[in-house]
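All remarks here apply to the structure that follows.
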Amino acid sequence: MILKTLDDLLGEGVSGRRVLVRADLNVPFDKNAPQGANAVISDDGRARAVLPTLIALRDAGARVIVMSHLGRPKGAPDPKYTLAPVATRLGELLGSPVVFAADTVGEDARAKAGALEDGQVLLLENLRFNEGETAKDDATRAAFAGELAAAADFYVDDAFGAVHRKHASVYDVPALLPHYAGGLVLREVDVLKKVTENPQQPYVVVLGGSKVSDKLAVIKALLPKVDKLLVGGGMCFTFLKAQGHEVGKSLLEDDMVGTCRDLLSEAQGRIVLPVDVVAATEFSADADSVTVPASEIPADRLGLDIGPQSVALFAEAIGPARTVFWNGPMGVFELAPFAAGTRGVAEAITKIDGFSVVGGGDSAAAVRTLGLDESAFGHISTGGGASLEYLEGKTLPGIEALEK
Ligand SMILES: Nc1ncnc2c1ncn2[C@@H]1O[C@H](COP(=O)(O)OP(=O)(O)O)[C@@H](O)[C@H]1O
Ligand SMILES: O=C(OP(=O)(O)O)[C@H](O)COP(=O)(O)O
C-alpha cells in the first residue's frame with residue numbers, strides 16, 4: 001500500500017491547521033434505554049480505536065474536525081441517529097470537551113469549525129443526515145464532498161469500518177484535500193493482508209448479524225477460498241428458507257432466497273447452517289421462547305438465536321481450524337435470553353490452535369460485553385463488512401482514494 005500516513009502529516013506540521021478526520025463512530029447503544037440524544041452507548045470500542053489519531057492531532061495543535069455516520073438514517077436529519085451522545089463520550093475519553101455541531105455542513109458546523117482553537121476537537125452531526133453522503137450519483141456525492149472539504153486543509157481517514165463504502169466522506173473528500181491514512185486503518189489493513197495472502201488451512205468463516213443482503217454478496221466471493229462457512233444470526237433464515245423450511249417471522253430477505261439456493265448448491269456442503277433455533281414470540285427479552293429444530297420454526301415466532309445443538313455443530317467445525325474469521329453475532333446477544341449462541345461460538349473460536357479475527361462493530365462489542373477474553377482472539381477489527389470485503393480481495397473505495 002503506497003499512501004501517505006498520519007505520521008507524514010504530523011511531520012509536515014499541523015499546528016493551527018484544520019484537519020478533517022473521517023472516523024467510524026457508529027457505536028452500539030443500549031437497546032433497553034431511550035434512543036437519540038439521551039441514548040446510552042453500550043460499547044465505545046470504535047471511539048477508543050480512533051483516539052490515538054485524535055490525540056496526536058490535538059497535541060500537535062491541529063484544529064480537529066471529526067465526521068462520522070451513525071446507523072442508517074435516510075439522507076435527512078433523524079433525532080434517533082444523532083451523534084450528540086458520542087460527542088460527550090469522545091470528550092470524556094479525550095479528557096477535554098468535544099464541541100458538537102448540530103448539522104454537518106450547515107451554519108452551525110461552519111461557525112463552530114471557524115471558531116475552533118488550536119488543539120480543539122469538533123464533531124459534526126451524522127454525515128448520513130445528508131443525501132449527498134451515500135448518493136449513488138457521482139455529482140451529488142461530489143457536491144456534498146465539496147462542502148465538507150471547504151472546512152479543512154487536510155483529510156485523514158481513520159474509519160476502517162467504512163472504507164468499503166463509496167460514500168462522499170470516504171471516497172470523494174480525499175480527491176479534494178491532501179489525504180492521509182490514520183493509524184487504525186493502517187493497523188487493520190496490515191493484519192488482514194496477512195490473513196488474505198496466506199490463510200493457514202483449514203480456514204473457517206463464521207457469519208451472522210443482521211446486514212443480510214450486504215453479506216450474501218460476500219459469501220459468493222469467499223466460498224472458493226474457505227473450507228467451511230458457518231451461517232448463523234439473522235443471516236441464516238434466508239438460507240433455511242432456501243432449503244425449503246418455513247422461518248415464521250424471522251429476519252428474511254425474500255428476494256435473496258434464489259441466491260441462497262444457488263450458493264448452497266455451489267458450496268457442496270461447505271455452508272453449514274443451524275440445526276436448531278431459539279424462537280420467540282416477539283423481539284423482546286421478556287418474550288416467551290422455545291428451542292425448536294431449524295426446520296420447524298412456528299409461523300408466529302421469530303428466530304433470535306441459534307440453539308445448543310447448532311453451537312455444538314459450529315464448534316466442531318471451528319475446532320480444527322488454523323484460521324477463523326468471524327463477523328456477525330449468532331443471535332440478538334444484546335438481550336440476555338438470546339446471547340448463548342454468540343457466546344458459545346465465540347468461546348469455540350478462542351480455543352483454536354491458529355489465528356482468529358473478529359470483525360464488526362457489534363461482534364467486537366459482543367466479545368467485550370459478554371465478558372470474553374479479548375486477548376484470546378488474534379485480532380479484533382472495528383469493521384465487519386470492511387474486513388469481509390478486504391478478505392474477498394476487493395478494492396476498497398476508501399483505500400483506493402487514499403492511494404491516489
Ligand atoms: N436472529 C436475528 N434476528 C435479528 N437480528 C439479529 C439476529 N441475530 C443477530 N442479530 C443482530 O445483528 C446485529 C449485528 O449485525 P451486524 O451489524 O451485521 O454485525 P457487525 O456489526 O458485527 O458487523 C446485532 O445487533 C444483533 O442483535
Ligand atoms: O457498522 C459498520 O459496519 P459493520 O456492521 O459491517 O461492522 C460500519 O459502521 C459501516 O456501517 P454501514 O454498514 O451502515 O455502512
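Key figures
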read-out: Matching helices (runs of 4 or more DSSP H) fully within the stretch 329-404 where at least 2 residues are farther than 26 Å from I41 by Cα; value: 340-350, 385-392, 397-403
read-out: Considering residues of the stretch 152-169 that are touching a Lys or Arg at 6+ places or on another chain (Cβ under 6 Å) and surrounded by 24 or more Cβ atoms within 10 Å (Cβ to Cβ) only, the residue farthest from G378 (Cα to Cα); value: A168
read-out: Matching residues, the stretch 56-96, being of a type in the set (V, I, T) and not in a helix (DSSP H, G or I); value: V64, I65, V66, T82
read-out: Those residues of the stretch 257-275 which are in a helix (DSSP H, G or I), touching a helix residue (DSSP H, G or I) at 6+ places or on another chain (Cβ under 7 Å) and open to solvent by 60 Å² or more (accessible area, probe 1.4 Å), in sequence order; value: R261, E266
read-out: In the stretch 301-319, residue farthest from ligand 1 (Cβ to nearest atom) [restricted to those that are open to solvent by 10 Å² or more (accessible area, probe 1.4 Å) and part of a helix (DSSP H, G or I)]; value: E316
read-out: Every residue from the stretch 200-216 that is within 29 Å of M256 (Cα to Cα) and either of a type in the set (F, W, Y) or away from ligand 1 (no atom under 12 Å from the Cβ) (or both); value: P202, Y203, V204, V205
read-out: Members of the stretch 147-162 that are within 18 Å of L9 (Cβ to Cβ), within 16 Å of ligand 1 (Cβ to nearest atom) and either not hydrophobic (A, V, I, L, M, F, W, C) or not in a helix (DSSP H, G or I) (or both); value: A159
read-out: Neighbours by Cβ (under 6 Å, 6+ apart or cross-chain): first from the stretch 303-328, under 17 Å from C236 (Cα atoms); second assigned to a strand (DSSP E or B) and of a type in the set (D, E, K, R); value: G307/D276; Q309/D276; S310/D276; A317/K228
read-out: Any hit, the stretch 203-212, residues being at pLDDT 95 or above and in a loop (DSSP other than H, G, I, E, B); value: yes
read-out: Hits in the stretch 381-404 - residues which are at pLDDT 95 or above and among the aliphatic types (A, V, I, L, M); value: A386, L396, I399, A401, L402
read-out: Residue among V185, V278, V195, V173 that alone is assigned to a strand (DSSP E or B) and open to solvent by less than 30 Å² (accessible area, probe 1.4 Å); value: V278
read-out: Hits in the stretch 370-395 (condition: more than 12 Å from ligand 2 (Cβ to nearest atom), on the phi < 0 side of the Ramachandran plot and not β-branched (V, I, T)); value: L370, L372, D373, E374, S375, A376, F377, G378, H379, L391, E392, K394
read-out: Tabulated pairs, the stretch 68-79, first acidic (D, E), second not in a loop (DSSP other than H, G, I, E, B), C-beta under 8 angstrom, 6+ apart or interchain; value: D78/F129
read-out: Residue in the stretch 115-130 that is within 16 Å of ligand 1 (Cβ to nearest atom) and in contact with an Asp or Glu (Cβ under 7 Å, 6 or more places away or on another chain) present; value: no
read-out: Qualifying residue in the stretch 357-369 (condition: open to solvent by less than 40 Å² (accessible area, probe 1.4 Å), of a type in the set (S, T, N, Q), within 16 Å of ligand 2 (Cβ to nearest atom) and in contact with a Leu (Cβ under 7 Å, 6 or more places away or on another chain)); value: no
read-out: Among (1) open to solvent by 30 Å² or more (accessible area, probe 1.4 Å); (2) out of contact with any helix residue (DSSP H, G or I) (no Cβ under 7 Å at 6 or more places or on another chain); (3) within 13 Å of ligand 1 (Cβ to nearest atom) - the single one D254 does not satisfy; value: (3)
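The values are calculated or read from the model by the stated rules, or taken from the named source; none is laboratory data. Bear in mind that the values here come from a model prediction, so they are computed numbers and not experimental data. In this analysis, Cβ positions are derived from the backbone assuming ideal geometry, glycine residues included, and neighbour counts consider all displayed protein chains. Heavy atoms of the whole protein, side chains included, go into the accessibility calculation; ligands, DNA and RNA do not. Shrake-Rupley method; radii C 1.70, N 1.55, O 1.52, S 1.80 Å.
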